[in-house]
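These notes are about the structure you will find just below.
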Amino acid sequence: MNETNLMTTIRGILLLTAVYIALTANLQPSNILAGLLIATAVMFLMHTSGRTSTWRFSAAGIVALFRYTLVLIYDLIVSGIQVARIVLTPDLPIHQGDIAIPTACDTEVAQALSAHAITVTPGEMVVEIGEDGAMYTHVLDATQAEEDVLHAQEMREEMLEKIAL
């Protein structure tokens, strides 16, 4: 392992440990040690599986990550209101269906994050990812969903490229 890979691995361990501590909200020495051990194991598994980290931290990437989070929160709120409206008004016609959402994501991580963003949005669920990377998605309202979802997917892909996973 050369010096660059070692520094990348150490940064990854420290970042994963910080995320672990933030999620557990526990600064006890035993919890910090547990976080370090878990982060080291994750980085070791990534290294032995051939999936070494290519994290690049840049100002544009951090802004894109922040923007991606805000867009996801906005989509969750708007879709939640739409689904609640459908549920609370049973006489509204529902035009559910399946649509194919093409993806241009370069990495599996970016594709998984994109599929996750679609799935956590109320009223939409990725049911399969095809060999060509298309995400087959079930939606509650397929009348306008295809053009809206394609626009949202392009925006997600743009932000994920900047985040550089």
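Every number here is computed from the coordinates shown, using simple stated rules; none is lab data. What you are looking at is a predicted structure, and each value in this text was computed from that prediction instead of being measured. Virtual Cβ from ideal backbone geometry, glycine too; neighbours counted across all protein chains shown.
FRET efficiency for the Asp98 to Thr69 pair, using the beta carbon distance and R₀ = 22 Å, is estimated at 0.20.
Packing-wise, with mean Cβ within 10 Å as the measure, how do 65-76, 99-110, 25-36 rank, highest first?
Details: 65-76: 14.0, 99-110: 16.4, 25-36: 12.2.
In descending order of packing, they fall as 99-110, 65-76, 25-36.
For Ala134, the residues whose amide H sits under 5 Å from its own are Thr103, ignoring neighbours fewer than 5 places away on the same chain, with H placed 1.01 Å from N. Coupling constants for the stretch 99-109 follow from the phi torsions by the Karplus curve (6.51 cos²θ - 1.76 cosθ + 1.60, θ = phi - 60°), and in residue order they are 10, 9, 10, x, 10, 10, 5, 7, 10, 5, 5 Hz; glycine and proline get x. Taking θ as phi - 60° and the Karplus parameters 6.51, -1.76 and 1.60, the scalar couplings of the stretch 77-84 work out to 5, 5, 5, x, 5, 5, 5, 4 Hz in sequence order, x denoting glycine and proline.
For the peptides 89-98, 131-140, the ranking by mean Cβ contacts within 10 Å, running from highest to lowest, is 131-140, 89-98.
Model label points for Leu14 and Thr143, set 7 angstrom from Cα along the Cα-to-Cβ axis, are 5.5 nm apart.
Once the Cβ-Cβ distance of Thr89 and Glu158 is raised to the sixth power relative to R0 = 25 Å, the FRET efficiency obtained is 0.10.
Annotation for Leu36 and His116: the two label points, set 7 Å from Cα along the Cα-Cβ direction, are 2.7 nm apart.
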